[in-house]
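Throughout, read-outs are computed from the coordinates displayed, never taken from laboratory work. Because the structure is predicted, anything quoted here is derived from the model rather than measured. Positions of Cβ are backbone-derived with ideal geometry, glycine not excepted, and every protein chain shown enters the neighbour counts.
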Amino acid sequence: KNEVEQSPQNLTAQEGEFITINCSYSVGISALHWLQQHPGGGIVSLFMLSSGKKKHGRLIATINIQEKHSSLHITASHPRDSAVYICAVRPNTGNQFYFGTGTSLTVIP
Amino acid sequence: KAGVTQTPRYLIKTRGQQVTLSCSPISGHRSVSWYQQTPGQGLQFLFEYFSETQRNKGNFPGRFSGRQFSNSRSEMNVSTLELGDSALYLCASSAWTSGSDTQYFGPGTRLTVL
């Protein structure tokens, strides 16, 4: 049983398109993180959310605690956005993270 | 500020051997977490250390162990290596201040077990 489910698994978009990646989780959480992993392995933390919405440049992350759901939006997508996006949650109990399997995004020029 | 560093970056071992990986966190960060990433299982939590104490441990066998030193540097050890231990091992550090536990990841150590 996966505590965190992401969709879609793979996504191909044309440059400029609006992109949405979804994350659903089954446990009570203290925070949800969106991570970006480029080819070669480096992981960057994009957002940490416990409620509401955050925006950074062309990236927007939202979370609905009642529905246990979060979305990551990318506006005006660009080929450099091509990466794997991973949702991770920190449960209320315990201190470990649970990770989604990731969404592989390819943005075509 | 320098980022999280991990050594070595690449490692090849044979079954049955043991390996030690090292992680130096961002200066001032007292929390270090370790993760294993494989194509089949994705990212999985190994353990987390804070001020030299293990705070939590994931579902890995006892062959996986770790420790943290007084300068917050951390090591993880895998004994009696198995083929399935081939993976990218990532460490991440955080300041663990109230309201924020943003994780800063290192580049990883890619371990291949032959």
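For the range A:90-109, a tally of residues being within 11 Å of chain B (Cβ to nearest Cβ) and either among the hydroxyl-bearing types (S, T, Y) or closer than 18 Å to B:T102 by Cα (or both) returns 11. Being closer than 22 Å to A:L35 by Cα and either within 14 Å of another protein chain (Cβ to nearest Cβ) or not basic (K, R) (or both) is a property that B:T38 has.
Exactly one residue out of B:R73, B:R67 is more than 21 Å from A:G42 (Cβ to Cβ), among the basic types (K, R) and more than 10 Å from chain A (Cβ to nearest Cβ): that is B:R67. Taken over the range B:41-61, residues that are within 10 Å of chain A (Cβ to nearest Cβ) and assigned to a loop (DSSP other than H, G, I, E, B) amount to 3.
Here B:L81 does not fit the description of being part of a strand (DSSP E or B) and either buried (at least 18 other Cβ atoms within 10 Å of the Cβ) or out of contact with any Pro (no Cβ under 8 Å at 6 or more places or on another chain) (or both). Within the range A:55-74, work out how many residues are within 14 Å of chain B (Cβ to nearest Cβ), buried (at least 16 other Cβ atoms within 10 Å of the Cβ) and more than 11 Å from the chain's Cα centre (by Cα). So the answer is 0. Every residue in the range B:8-35 that is in a strand (DSSP E or B), away from chain A (no Cβ under 11 Å) and touching a Phe, Trp or Tyr at 6+ places or on another chain (Cβ under 8 Å), please. Matches in the range B:8-35: B:L21, B:C23, B:V32. Evaluate the range B:88-97: report whether one residue or more is out of contact with any Pro (no Cβ under 9 Å at 6 or more places or on another chain), surrounded by 13 or more Cβ atoms within 10 Å (Cβ to Cβ), within 14 Å of another protein chain (Cβ to nearest Cβ) and small (G, A, S). Yes - at least one qualifying residue is present in the range B:88-97. Taking the range A:1-46 as the range and being aliphatic (A, V, I, L, M), surrounded by fewer than 16 Cβ atoms within 10 Å (Cβ to Cβ) and free of Cβ contacts under 8 Å to residues at least 60 places away in the same chain as the test, only A:V44 passes.
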